[in-house]
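To start, the structure under review is shown below, and the notes come after it.
Just so it is clear, none of the values below were taken in a lab; they were calculated from the coordinates. This one's a predicted model, so the numbers in the text were calculated from it and none came from an experiment. Cβ placement follows ideal geometry from the backbone for every residue including glycine, while neighbour counts extend to all protein chains displayed.
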Amino acid sequence: MNKKLTSRIAGGLALASAAALALAACGSSGGSSAGGSSGGTTTLKLVVADYGTGPSNTSSKYWATIVSAFEAAHSNIKVNVTTIPWTNFDSQVQTMVQNKNYPDITEGDYFSNYAQDGLLYPASDVLSDPSNLLPAFKAQGTYNGVQYGMPFTTSSRTLFYNKKLFTQAGITAAPQTWADVETDAAKITKLGDVGFGLPLGNEEAQAESLLWMLGDGGGYQTAGKYTIDSPANVAAFTFLKGMVAAGDTEPNPGTVDRTPLWEQFAQGKVGMINGSPALIPIIQSANVLTSADWTSVPIAGKNGPLSVTLGVCDNVAAFKSNGHEAQIKEFLDFAYQDKYQLAFDNEYDLLPATVTAAKALSSNAVFAPFLTALPNSVQYPSDTAWANVKTKIQQTIGTAVTGTPSTVLSQLEQTATSSAS
Amino acid sequence: MPALRRLSPLLWLGPAIALIGLVVLWPVVVMVQSSFQNISGIGFVAGYNGTANFRTLFDDPNFVSVLVRTVIWVVVVVSITVLISLGLAQLFNQRFPGRRVARWALIIPWAASVMMTALIFKWALDPNVGVINVILHHIGVVKHLGSTQADWLGNPTSALLWMMGVAVFVSLPFTTYAILSGLQGIPQEVYEASAIDGATSWKSYLRVTLPLLRPAIVVATLINVINVFNSFPIIWEMTGGGPGYQTATSTIFMVDLKQGNVGESASMSTINFLLVIVIVVVYLAATGWKEQVDR
């Protein structure tokens with residue numbers, strides 16, 4: 001009996017120690033993967049956004065081309081690429097950082113927060129020639145006087161409209177003012193289509209909102225201070241609220257994301273929509289509209305077309321945490337070559353981020369108008385409050401076109417000023 | 001040896017206790033600790049800040065409406081689930097051809113990933129091409145595809161109703177099975193006795209079946225309350241809590257807060273945790289749970 005008991009105890013001990021070993025094993029494997037270097041080979045962790053519209057042109061293909069060429073030339077550096085769709089890119093990268101599972105290279109709007117906590121290499125440490133980056137985005141990537149965020153791709157916004165629907169509705173001129181947009185949208189709505197596509201859902205509400213704020217001389221900031229509830233911004237959203245109430249937009253704009261609405265435009269079901277060059281491949285792959293059926297013009301403002309537009313870049317950032325400065329520099333210098341810049345722009349119809357690549361594209365008929373607009377483009381705020389403010393804008397600003405614009409905007413202003421302090 | 005014998009249960013219980021301590025109790029401690037710390041959106045702890053997180057949370061204009069909505073969400077989803085399950089369990093307790101297949105089929109909503117189910121419903125409700133809207137359009141309920149009427153998930157009220165429907169749908173299998181096993185535990189003799197006493201079938205259901213089912217219903221309700229309270233994938237996938245926070249429950253709100261302020265998000269979690277404990281304790285006291293189980 002006692003023998004039985006002791007053998008049971010022994011069995012139990014064996015089991016318990018096996019479990020302990022298993023737990024310890026989990027712990028250690030988690031630990032070593034963070035380091036990422038063994039036997040003279042360094043593994044870089046590259047976390048990038050997916051600009052593709054589907055499996056056929058996913059950005060992991062684009063990066064695989066660069067990485068295989070890079071690895072062939074650098075036998076001691078491996079690059080692991082993770083691509084994440086833009087819709088939840090920021091939150092996924094943020095989760096990695098919250099869990100101290102740092103990438104080596106990533107992109108996105110949080111770079112100034114990372115820089116604030118000393119997590120990033122300055123651009124000059126990880127790029128041989130940072131002056132080749134487009135100067136228009138230098139201030140945007142700067143935190144405390146040092147550039148950390150590096151543009152890899154850029155874009156600017158224009159107003160796209162469906163010429164076919166315009167003709168059907170008997171409209172002859174391009175929309176230039178808010179009043180034009182309103183009357184044209186009403187006419188197209190009568191045809192049974194969406195007059196104006198207004199994506200104020202989570203995906204990119206901060207871009208759509210800013211384009212309307214700019215139309216009345218507003219914006220997120222005035223002289224470096226948040227002024228989200230300025231009279232100009234309230235006026236812009238009051239105007240939008242009128243359009244929504246009249247049924248000239250898609251139903252419930254506060255819940256509609258950019259990508260599905262762009263796809264609807266590509267299907268010929270939306271009269272007007274603000275878009276970036278990235279809308280062009282979506283139109284082409286839908287194969288419903290011919291290139292004669294649509295065009296794009298400067299964004300409509302309150303009293304006339306805007307002379308400035310929203311310029312967006314992706315803000316590449318290099319993390320210090322894994323200590324791979326030299327390897328990151330090797331890789332970024334390699335990836336920033338003109339041929340890869342141009343390959344990216346041709347694949348996704350986005351704009352280059354380097355001076356030399358922009359020069360190479362300046363004679364291209366499609367890109368030239370967007371490129372000339374870039375130097376006087378307006379950019380998002382780049383202070384450390386922006387990441388939090390942007391999240392709140394994405395979640396709540398859509399309710400301004402159904403609720404009370406001034407209330408929603410002043411709540412956002414409150415978030416901004418309390419995050420900034 | 002007797003001393004060793006007295007300790008031996010500990011050896012068997014030890015790993016389980018250690019596991020519970022590690023994966024249940026320790027996170028609770030960290031959660032409460034975090035709710036009193038100043039933690040930035042990228043996870044850096046800048047020391048303790050007293051009750052500041054809780055004050056920010058209570059000052060949030062959305063906080064109260066989110067809590068009220070959470071309570072409505074739990075009460076409606078759980079009570080409808082239990083009511084339908086009572087009927088379904090009764091049905092599945094009858095003998096009929098194909099019962100085995102029907103019982104298997106009931107498992108499907110349970111076996112499928114909730115996120116998957118939520119996504120399927122989201123797509124089926126697409127205002128332009130969703131299959132539910134297309135059918136409703138054909139039978140004349142939805143006048144125009146792509147209209148405000150067809151945009152079920154864009155309007156907070158109709159979105160919540162649809163999501164409650166999905167939550168009931170995924171909760172039914174477990175609840176039905178719990179009640180079904182309760183039904184099978186009721187001996188046939190009590191029904192014979194009540195029939196001899198002249199009880200109609202409705203009366204014997206009310207006076208015999210329901211009282212004897214009570215333990216099963218208590219357990220099924222309790223587990224559902226906890227599940228539905230913390231339910232995340234359905235709302236996250238179907239509306240993300242939007243427009244604004246108008247369809248968010250406290251769990252969704254907590255996840256959204258985490259983007260900007262981890263400390264405030266931890267405060268929300270702590271309140272969630274306390275609320276679940278309070279609800280469970282009140283419910284157990286009200287149903288006289290101890291007598292049910294100790295019998």
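Divide by every residue of chain A the summed helix terms, -39500 (n - 2.57) for each DSSP H run of at least 4, and state the resulting mean residue ellipticity at 222 nm, rounded to the nearest 500 deg cm²/dmol.
About -14000 deg cm²/dmol.
Which ³J(HN,Hα) values, rounded to whole Hz and listed in residue order, are derived for the range A:154-164 from phi using the Karplus coefficients 6.51, -1.76 and 1.60 in 6.51 cos²θ - 1.76 cosθ + 1.60 with θ = phi - 60°, glycine and proline given as x?
With coefficients 6.51, -1.76 and 1.60, one gets 9, 7, 10, 10, 9, 9, 8, 9, 8, 5, 4 Hz.
Got a sec to turn the phi values of the range A:102-117 into Karplus ³J(HN,Hα) couplings, 6.51 cos²θ - 1.76 cosθ + 1.60 with θ = phi - 60°, whole Hz, x for Gly and Pro?
Using θ = phi - 60°, the values come out as 7, x, 8, 9, 8, 9, x, 7, 8, 4, 5, 5, 5, 5, 4, 8 Hz.
Under 5 Å between amide H atoms, partner at least 5 residues away or on a different chain: which partners does A:Q221 have, H built in plane at 1.01 Å?
A:T227
If I fit a long axis through the Cα atoms of helix A:405-420 and take the longest principal axis of the Cα atoms of chain A, what angle between them do I get, 0 to 90°, rounded to 10?
Result, in degrees: 40.
Local charge sum around B:A89 (other residues, Cβ-Cβ under 15 Å, Lys/Arg +1, Asp/Glu -1)?
So the environment of B:A89 carries a net charge of +4.
What is the set of long-range amide H partners of A:I77 at a cut-off below 5 Å, with H atoms built 1.01 Å from backbone N?
A:T42
For the range A:185-263, what does the convex hull of the Cα positions come to per residue, in cubic angstrom?
Spread over its residues, the Cα hull of the range A:185-263 gives 90 Å³ apiece.
I need the peptides A:148-156, B:67-75, B:40-48 ranked by packing, meaning the mean over residues of other C-beta atoms within 10 angstrom, with the highest value on top.
A:148-156, B:67-75, B:40-48
I'd like the FRET efficiency for B:L274 and A:S363, computed as 1/(1 + (r/R0)^6) with the beta carbon distance as r and R0 of 60 Å, rounded to 0.05.
After rounding to 0.05, the efficiency reads 0.35.
Report the label-to-label distance for A:K339 and B:E192 in nanometres (one decimal), using points 7 Å from each Cα along the Cα→Cβ vector.
According to this spin-label approximation, the distance is 9.0 nm.
First check a/c for the range A:276-421, with a ≥ b ≥ c the square roots of the eigenvalues of its C-alpha gyration tensor; if it is under 1.5, answer rounded, and if not, answer prolate when a/b is larger than b/c or oblate otherwise.
The shape class here is oblate.
Is the shape of chain B rounded, prolate or oblate, going by the alpha carbon gyration tensor and its root eigenvalues a ≥ b ≥ c, with a/c under 1.5 for rounded and a/b larger than b/c for prolate?
Oblate shape, in that a/c is at least 1.5 and b/c is the bigger or equal ratio.
Enumerate the calculated ³J(HN,Hα) couplings along the range A:223-228 in order (Karplus 6.51 cos²θ - 1.76 cosθ + 1.60, θ = phi - 60°), each rounded to whole Hz, writing x wherever the residue is Gly or Pro.
Coupling constants for the range A:223-228: 6, x, 10, 5, 9, 5 Hz.
If we sort A:214-225, B:274-285, A:324-335 on the protection proxy, mean other Cβ atoms within 10 Å, highest first, what's the order?
A:324-335, A:214-225, B:274-285
Along the charge dipole of the protein assembly as shown, which of A:A373, A:N80, B:A159 sits closest to the positive end, that is, farthest toward it, with unit charges on the beta carbon of Lys, Arg, Asp and Glu (+1, +1, -1, -1)?
Projecting each Cα onto the dipole axis, the largest value belongs to B:A159.
So for the range B:60-248, averaging the separation of alpha carbon pairs under 8 Å that are six or more residues apart and normalising by length, what relative contact order in percent results?
Relative contact order of the range B:60-248: 34 percent.
Under unit Cβ charges (Lys, Arg +1; Asp, Glu -1), what dipole magnitude, rounded to 20 debye, does the range B:60-248 have relative to its Cα centre?
With Lys and Arg at +1 and Asp and Glu at -1, about 360 debye.
If you place +1 on the Cβ of every Lys and Arg and -1 on the Cβ of every Asp and Glu, how big does the dipole about the Cα centre of the protein assembly as shown come out, in debye to the nearest 20?
For the protein assembly as shown, the charge dipole is close to 2600 debye.
Angle check, please: helix A:325-335 long axis (alpha carbons) against the longest principal axis of chain A (alpha carbons), in degrees 0 to 90, nearest 10.
Helix A:325-335 and the main axis of chain A meet at about 40 degrees.
How many angstrom lie between the C-alpha centres of the range A:125-169 and the range B:135-193?
48
Quick query: amide H of B:N128 versus all other amide H atoms, modeled in the peptide plane; which residues come in under 5 Å with a sequence gap of 5 or more or a different chain?
B:G146
Enumerate the helices in chain B for which the Kyte-Doolittle hydropathy averages 0.5 or more and the C-alpha atoms extend at least 20 Å along the helix's axis, using complete DSSP H runs.
B:2-20, B:63-93, B:156-184, B:210-229, B:262-287
With point charges of +1 on the Cβ of Lys and Arg and -1 on the Cβ of Asp and Glu, referenced to the Cα centre of the protein assembly as shown, which listed residue (B:L284, B:F253, A:V244) lies farthest in the positive direction of the dipole?
B:L284
If you average the sequence gap of Cα pairs under 8 Å that are 6 or more apart and divide by the length of chain A, what percent do you get for the contact order?
Relative contact order comes out at 24 percent.
Relative to the first principal axis of the alpha-carbon coordinates of chain A, what is the inclination of helix A:231-245, with its axis defined by its Cα atoms, in degrees from 0 to 90 and to the nearest 10?
Computed tilt is about 80 degrees.
Contact order normalised by length for the range A:225-306, with contacts defined as Cα pairs under 8 Å and 6 or more residues apart; what percent is it?
17
How would the protein assembly as shown be classified by its alpha-carbon gyration tensor: rounded, prolate or oblate, with rounded meaning a/c under 1.5 and the a/b versus b/c comparison settling the rest?
Since a/c reaches 1.5 but b/c is at least a/b, the shape of the protein assembly as shown is classed as oblate.
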